[in-house]
1. Output the residues belonging to region 87-97 that are buried (at least 16 other Cβ atoms within 10 Å of the Cβ) and more than 12 Å from the ligand (Cβ to nearest atom).
2. Just one of (1) more than 18 Å from residue 70 (Cα to Cα); (2) out of contact with any strand residue (DSSP E or B) (no Cβ under 8 Å at 6 or more places or on another chain); (3) at pLDDT below 90 trips up residue 384, so point out which.
3. Within region 212-220, identify whether any single residue is within 16 Å of residue 294 (Cβ to Cβ), assigned to a helix (DSSP H, G or I), within 15 Å of the chain's Cα centre (by Cα) and within 16 Å of the ligand (Cβ to nearest atom), and answer yes or no.
4. Got a sec? Which of 200, 249 is in contact with a strand residue (DSSP E or B) (Cβ under 7 Å, 6 or more places away or on another chain), at pLDDT below 95 and within 27 Å of residue 344 (Cβ to Cβ)?
5. Pick from 177, 240: which is over 14 Å from residue 135 (Cα atoms) and either modelled with pLDDT of 95 or more or away from the ligand (no atom under 16 Å from the Cβ) (or both)?
6. Spot the failing condition for residue 132; the list is (1) touching a strand residue (DSSP E or B) at 6+ places or on another chain (Cβ under 7 Å); (2) within 16 Å of the ligand (Cβ to nearest atom), and only one is missed.
7. Could you count how many residues in region 137-169 are part of a loop (DSSP other than H, G, I, E, B), within 16 Å of the ligand (Cβ to nearest atom) and out of contact with any helix residue (DSSP H, G or I) (no Cβ under 6 Å at 6 or more places or on another chain)?
8. If you go through region 442-458 one residue at a time, how many are assigned to a loop (DSSP other than H, G, I, E, B) and in contact (Cβ under 8 Å) with a residue 24 or more places away in the chain?
Ligand SMILES: [Mn+2]
């Protein structure tokens, strides 16, 4: 087995730490069963995919479990023996893990660690290396750094690393590029021909889908009134852009448009996004940017575009089809039809939620805007809805709070995002923890600077808003 030195990646300390995880995995590969526990979003599924594929290639025995969060209930339900690899979770639940395990644990995560103490575990987290886990590398990326140290043949898994980073919206560089270690992974993958970078309209299906369908399917950015609404997309293209959508009896695709037609489409689209779409200027601009094409996926499939791949995984994860998402990550393409169907339903659901919110469901109080999805909005989707609002013009300078009832946790899921144009320094993860503790509750869940989630008892939603608003007000001065 070759442990290659990467041209693109400098021999960071991070790589030598990855090697220590490799040594551990190789030592246990023949004797132990691996339990991989991961988060249900796109990055979590992609990270699990990287680890599972790596283990499969080693001929190791494994088992996977995809969860909404790493709670005590989840931990106590796990097998009592074997090696445990936690991906895209664990760093924020160190004390919990420490309570139940004293060995055979690997944590591969990019969320801010609960403490600087790595405990007795192999704990791989970019924060320990002075890197920003919010923007520079995802969990799938971290898992990939381990995998590529095991075997050069695993470099094809860079595709999943990129899907994970985009799933976590780490494309914060100029022209929606990935930066930091993510960018180094991309350049490595470009060299080996796994990925191609193209600057274009970020439409899902730019190469193959009829233009109205590509527009309808575009979810990143989510365009209120167009995303997920086919009839509205056709109407927009016919009445405002005025381009022929067909050539003979065939639908035209985005890549077939002349330069002139494309510019007209862009300018009308931006006008729409800033007008009726209610999007912020930066979000409207984000319709053009770097598209990461996964060249080994067949043309015309959603897995060919990394962002659409990430959307599909999110759809699977958040509609309880985690096995399906995982199978897709592991390369099973026989079930892609089913996954595409799930993504379609998810898209329609998001569009429906956004329409519902338009009916005066979003309330504004000082620096905060909030909505309560109660039983109507699925608690697994409330974070996505909150994210979409964070780039919507009326709310872009606010802290956005979404509530939804979670049957599984018998509590209210709280999802918070920082508006795209909030200028002051707010660390949402820290703020939420503070406010929830102040309410006499213990903080369950986790978060980054720009996004945080938590659970509170039903009936205390308005109280949380009061506390949050007071705290934000006092920090202003
Ligand atoms: Mn993640």
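1. Looking only at region 87-97, we keep the residues that are buried (at least 16 other Cβ atoms within 10 Å of the Cβ), and these are 87-94, 96-97.
Result: 93, 94, 96, 97.
2. Failed condition: (3).
3. Within region 212-220, the first condition is being within 16 Å of residue 294 (Cβ to Cβ), and the residues that meet it are 220.
Cutting the leftovers down to assigned to a helix (DSSP H, G or I) gives us none.
No; the residues of region 212-220 include none that is within 16 Å of residue 294 (Cβ to Cβ), assigned to a helix (DSSP H, G or I), within 15 Å of the chain's Cα centre (by Cα) and within 16 Å of the ligand (Cβ to nearest atom).
4. Numbers: 249 fails: in contact with a strand residue (DSSP E or B) (Cβ under 7 Å, 6 or more places away or on another chain).
It is 200.
5. Values: 177 fails: over 14 Å from residue 135 (Cα atoms).
Going through 177, 240 in turn, just one is over 14 Å from residue 135 (Cα atoms) and either modelled with pLDDT of 95 or more or away from the ligand (no atom under 16 Å from the Cβ) (or both): 240.
6. Evaluating residue 132 over (1) touching a strand residue (DSSP E or B) at 6+ places or on another chain (Cβ under 7 Å); (2) within 16 Å of the ligand (Cβ to nearest atom) leaves (1) as the failure.
7. As a first pass, look at region 137-169 and keep what is part of a loop (DSSP other than H, G, I, E, B): 137-138, 151, 168-169.
From the residues that got through so far, the ones that are within 16 Å of the ligand (Cβ to nearest atom) too are 137-138, 168-169.
After this cut, where a residue has to be out of contact with any helix residue (DSSP H, G or I) (no Cβ under 6 Å at 6 or more places or on another chain) as well, the list is 169.
The number of residues fulfilling the criteria is 1.
8. Step one: list which residues in region 442-458 are assigned to a loop (DSSP other than H, G, I, E, B), which gives 442-444, 448-450, 457-458.
Still in the list and also in contact (Cβ under 8 Å) with a residue 24 or more places away in the chain: 444, 448-450, 457-458.
Of the residues in that region, 6 qualify.
The values are calculated or read from the model by the stated rules, or taken from the named source; none is laboratory data. Everything numeric here is computed off the predicted structure, so don't read it as measured data. Please note: Cβ atoms are built from the backbone with ideal geometry, for glycine as well, and neighbour counts cover all protein chains shown.
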